[in-house]
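Contents: one structure, followed by commentary.
The values are calculated or read from the model by the stated rules, or taken from the named source; none is laboratory data. On a predicted model such as this, the values are computed, not experimentally measured, just so you know. So basically every Cβ, Gly included, is an ideal-geometry build from the backbone, and we count neighbours across all protein chains shown. Accessible surface areas use protein heavy atoms only, side chains included; no ligands, DNA or RNA. Shrake-Rupley method; radii C 1.70, N 1.55, O 1.52, S 1.80 Å.
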Amino acid sequence: MTQYEVTETLDVKGENCPMPVVKTKQNIDQLAEGEILEVLATDPGSMSDLGGWADTTDGVELVDQQEGDDVYTHYVRKTE
Amino acid sequence: MSTNTSQAQGEDVPSRAELAARIDELETELAAATEDDSNPKMSIIATKGTLDMAYPPLILASTAAAFGYEVTVFHTFWGLDILHEERSKNLQLSSVGNPNMPVPNAVAALPGMDRVTTKMMEKKIDDNDTATIKELIDTSLDMGVEFQACQMTIDLMDYDEDDFYDGVTTGVGAATAIQDMADADIQLLI
């Protein structure tokens, strides 16, 4: 598994749609350009939702998504 | 066959310099028109106040805000109850008229059955860690979603402007909603 230099970790385990995406947005707003937010979620929908969100939204880039046993880990970089 | 360009330069034919100037002018206008980097907009009209129907506008509004949309949600008729601080805590789920309910309509119509199905739904929401209505409203407001309470229905329902959550816009009507819809990239009636 690739390791990323993570600036902050957001734990939304147990939370459901729309919270993983909404809280990711709120948290990434606090980061500086180039920094990476790690998002830990248990919502299986977060795989598609966070990907779609990052694709459509300016200023963010989905670096990677990893599917663990019960936890989906997402890495989102702030690009502007 | 060659074209005689000097012949084409009659009196009403613009000169090369004029054309160049016109192109510059149009390019500037085009740049101004396409440079519009304002955020995309979404306009939702929320008309329902049952527990199940309160979720879609709030989920879509908060999610669109996360996508960078400027969102307005215009609440009218029973949709007002979603913004009503007291009533939003007691939104009900109807047990009748929904064939997906596990009870037949004849039973569902008995007094108190709405309360039972609402409790069942609230328990499911809680067990599933689904966000509450209050949580979604707070989050949406925090993300800059504008909630508007239709003035005509506030008067019709005999509500007071102070009954609504802080940050809710009152004193707006259909014209405001139309204006928002006209400007919006996404318009929804829920």
For region A:16-59, the count of residues that are assigned to a loop (DSSP other than H, G, I, E, B) and over 14 Å from residue B:63 (Cα atoms) equals 12
Of those in region A:48-62 that are among the hydrophobic types (A, V, I, L, M, F, W, C) and within 9 Å of the chain's Cα centre (by Cα), the residue surrounded by the most Cβ atoms within 10 Å (Cβ to Cβ) is A:50
Considering residues that are at pLDDT 95 or above and assigned to a helix (DSSP H, G or I), the number found within region B:41-52 is 0
Those residues of region A:31-80 which are closer than 11 Å to residue A:21 by Cβ and of a type in the set (Asp, Glu) amount to A:43, A:49
Residue B:31 passes all but one of the listed conditions (1) open to solvent by 60 Å² or more (accessible area, probe 1.4 Å); (2) modelled with pLDDT under 95; the exception is number (1)
Of the residues in region A:51-75, those that are in contact with a helix residue (DSSP H, G or I) (Cβ under 6 Å, 6 or more places away or on another chain) and within 12 Å of chain B (Cβ to nearest Cβ) come to A:53, A:60
Requested in this report: Determine whether region B:98-111 contains at least one residue that is within 16 Å of residue B:54 (Cβ to Cβ) and at pLDDT below 90.
Outcome: yes
Checked A:12, A:6 against criteria (hydrophobic (A, V, I, L, M, F, W, C), open to solvent by less than 60 Å² (accessible area, probe 1.4 Å), touching a residue at least 40 places away in the same chain (Cβ under 8 Å) and farther than 14 Å from residue B:67 by Cα); the one match is A:6
In region A:15-44, anything within 14 Å of chain B (Cβ to nearest Cβ) and open to solvent by less than 30 Å² (accessible area, probe 1.4 Å) is listed as A:18, A:19, A:20, A:21, A:22, A:24, A:28, A:37, A:39, A:41, A:43
Within region B:63-90, of all residues that are over 28 Å from residue A:49 (Cβ atoms) and among the polar types (S, T, N, Q), the one least open to solvent (accessible area, probe 1.4 Å) is B:76
Checked region B:71-89 for anything of a type in the set (Asp, Glu) and either in a helix (DSSP H, G or I) or on the phi > 0 side of the Ramachandran plot (or both); matches are B:81
